[in-house]
């Protein structure tokens, strides 16, 4: 059974009543709930817990970590970020949602500013599958609509994705690479753009299906981790080199 | 249960006793045997059967097609090639082995000459996993050796692969992108270089594991096939365009 | 001086007065004109000329071929298509415009259906640069608008591009990978979507600049063409292999 | 005229006579010399200079920065690393040589460990061009040999390169992606593996030509730098969103 840890900054929901109205138990609880229902073993962790809830033992028991953060990226301890990065490079999957694009962990794994254009205007978003053979597109219609989302628009300052699964159209005149994957070391990463805190995006069944697909896609395959360093073995013929 | 059809030109084994000595029932039978043992539903097809054994109904019941051909590429009927291509674009997986790099179907899907350097000199080949998070690398050591293989060397005239899983070293001084993947339409393609007819490569357990992994990787996900053509629906606001 | 041949089907302009009103001397003449003004050595060729104007000698003197076709793709002789493909693989650049996405030459080089969604509704198109370090984006604003274009929408059935330079937003609710590059053999390919025959797109100065950039990007570098075939040289040590 | 700054740690050459024998004025001086001869405007900078020689004004006057470091990566000030990263994201080219694969700046831009296998055994290295249409392959033979180099072998823990230009074969049984490119923000990066301090690699004319090609490839195109942040403009129709 795939073990998922859903991490949430969990500030908007505690500080702003209109956000709490959408996610009364926090975004993490809502995400954990549909993952649980889909058959994943799920736990949550939040910023204000000791070590942000991401102790060595929690991470060692996590196959896929989901990350939602927004206004408190800077409060995340660099040591925990380093710990998460190491786990990703050793095989743990990572799903970064929405405003997590500027989280320390995502920026550290990307090496770029991860900046973009944004606009809060209750716009329609329409997502298109552009990689119809991808695992994450399994069962997803070729396009679907979110009635209201925050606009995230190009240019998105990221490395060229390994795979671009979704492109988004926004009513106000923008486009965005809204579902992208990367491999880093032995780990797989999926960034998925929808999920502004003021909209009920994570109640949308297609969004839920995409995140469930993402968990399966990012789950480690228990592949061999390479050996690095001094390789003294001359392979083909003993003494072949002078 | 994943349904695999193993296609073989099946000429070397019938015409040359030293090849028959290695693969007495044909390369296809040996491949089918280990796939069957691994739990796949397996059938075979060969060049000299009517429609090369690749009738509409056979292809419609095939999730992944494996292709081995060498000296008789030109005898493959263009209509069958077209049929296979259409099936791949609609989701059927395709694994092309060794000298299949210059099969009509591979060249048609790649759009390039697919040419390369080669040498028959009983050389050692050493394969390295360079995408350790890939499905096809599951359970595969970071490198392994084939004591004798035909050298295939760069430059290999292919489109830049979507993913490069294996790189090979050859004793005589060459390198090769020996395990590569592509998506075309809704279909997934895996090209894997080892398997010269005069060597017992398909009895090697690591090679077998890689091909089994490849079958799982290439198997269609039953994703939606996109709708193409005239899209009369103006989406966001009726009458928004003038 | 870079030598460009602009190929045009040249049927709409001769058969339909409202198209002739936009391009009185044909789309090819308009493209040739701004290329000439930009300092390229330019000639044109059209479908109804002998060998479609693409004789061996014309192609041998062409650094970059620009292709515009639409209603007569099937009239293009397969032998000429083969000839153009060989020239591309040996280094000639190819720029495919708009409806050329379903030309024989583009389909042959891609290996897929190259199909897409389309709509003629006088929609606004907005193009975004998503690869701001690309040669083809030199001097191009981060986004710009074409007041009226034919909608081309995803899913676009192409291999994952080597590079995606432009993404387009269409008023009616669609997105498109509107500027993409591929390398095939020693040749470079640029597909650029704008340019429906009924709109004055090729008079737009930004579009012109993009096509000029594309010519410079696709121009062959006179790189070495690889040697293929039997490579008898055992490189490192004479007699190293048994 | 393209302005290149060659940065060198410059420790081996000052501390070890057998290295000084190869590069009496430092690796940076040798690289600067052939770049100067090739027509580039060249300066050098080294670790022990104030700000490592990489002041704001030096970087602002640099089109392409070349980086050679090995035993003192940790002595490079994080603030200077941050400064270089920002310059790269804003368009400055970066060429990382040999052991610079574990420099702070390369690791920061990659997001991975950048680790690999290595061996000092005076091995032959043979490099193959696998992207024959690439700018960096201009004028380079399809393969060439370095009589002695340090072995760098897979797995190389890097993001999948945007482009792989060279693959290397090592006598002792290893392969390596020895010439790779990335875009990060508006900047271009070229990593090139040859250049161990004890070998006269930077006197090799083909190596010199590759580095010169790399400088031209990485040189900024003065493309527009995107605008990020709150984009209040609703584009298509004033008041279209509710």
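So what is the calculated 222 nm ellipticity per residue for chain A, using -39500 (n - 2.57) for each DSSP H run with n of 4 or more, over all residues, to the nearest 500 deg cm²/dmol? It comes out at -6500 deg cm²/dmol, rounded to the nearest 500.
Order the peptides C:36-44, B:135-143, C:168-176 from the highest to the lowest mean number of other Cβ atoms within 10 Å of their residues. Intermediate results must be reported in sequence, preceding the final value.
Values: C:36-44: 16.1, B:135-143: 19.7, C:168-176: 27.2.
Packing proxy ranking, top to bottom: C:168-176, B:135-143, C:36-44.
With contacts defined as alpha carbon pairs under 8 Å and 6 or more residues apart, what's the relative contact order of chain A in percent?
Numbers: 485 pairs, mean separation 48.3, N = 242.
Relative contact order, chain A: 20 percent.
Region D:133-187 has equivalent-ellipsoid semi-axes of 22, 17, 8 Å, by the square roots of 5 times the alpha carbon gyration tensor eigenvalues, sorted largest first. Extents of region C:3-218, taken as max minus min of Cα coordinates on every principal axis and listed largest first, are 43, 39, 35 Å.
For the residues of B:24-35, the average number of beta carbons from a partner chain within 10 Å of their own beta carbon is 0. Annotation for residue C:74, label-to-label distances across the other copies: 3.0, 6.5, 7.2 nm (shortest first, one decimal, point 7 Å from Cα along Cα→Cβ).
Out of the DSSP beta bridges found with both residues in chain A, what percent are antiparallel (nearest 5)?
Working: 26 of 45 bridges.
So the antiparallel bridges in chain A amount to around 60 percent.
Placing a label point 7 Å from Cα along the Cα-to-Cβ direction at residue B:90 gives distances to the equivalent points in the other copies of 3.9, 4.8, 5.6 nm, listed shortest first. Other protein chain C-beta atoms within 10 Å of residue C-beta, averaged over D:186-193: 2. With an a/c value under 1.5 for the gyration tensor axes a ≥ b ≥ c computed over the alpha-carbon atoms, the protein assembly as shown is described as rounded. Which angle from 0 to 90°, rounded to the nearest 10, does the C-alpha axis of helix C:205-218 make with the longest principal axis of chain C? That helix lies at roughly 10 degrees to the long axis.
Distances from residue C:230 to itself in the other copies, using label points 7 Å out along the Cα-Cβ axis, amount to 4.6, 5.8, 7.3 nm in increasing order. Among residues of chain D, the one whose beta-carbon sits closest to the D-to-B rotation axis is listed with its distance in Å as D:175, 3. Looking at the square roots a ≥ b ≥ c of the eigenvalues of the Cα gyration tensor of region D:105-202, which shape do they give, rounded for a/c under 1.5, prolate if a/b is larger than b/c, or oblate? Since a/c reaches 1.5 but b/c is at least a/b, the shape of region D:105-202 is classed as oblate. Counting only alpha carbon atoms, the long axis of helix D:78-89 and the longest principal axis of chain D meet at about 70°.
The GNM of chain C, with springs linking C-alpha atoms under 10 angstrom apart, assigns the highest mean-square fluctuation among C:88, C:145, C:129 to C:145.
Using only Cα atoms and rounding to the nearest 10 degrees, what angle (0 to 90) does helix B:27-37 make with the longest principal axis of chain B? With both axes taken from Cα atoms, the answer is about 70 degrees. With a 10 Å cut-off around each Cβ of D:115-125, the average count of Cβ atoms from other chains is 5.
Bear in mind these aren't lab numbers, they're just calculated from the coordinates by the rules spelled out. All values derive from a computational prediction rather than experimental measurement. So basically every Cβ, Gly included, is an ideal-geometry build from the backbone, and we count neighbours across all protein chains shown.
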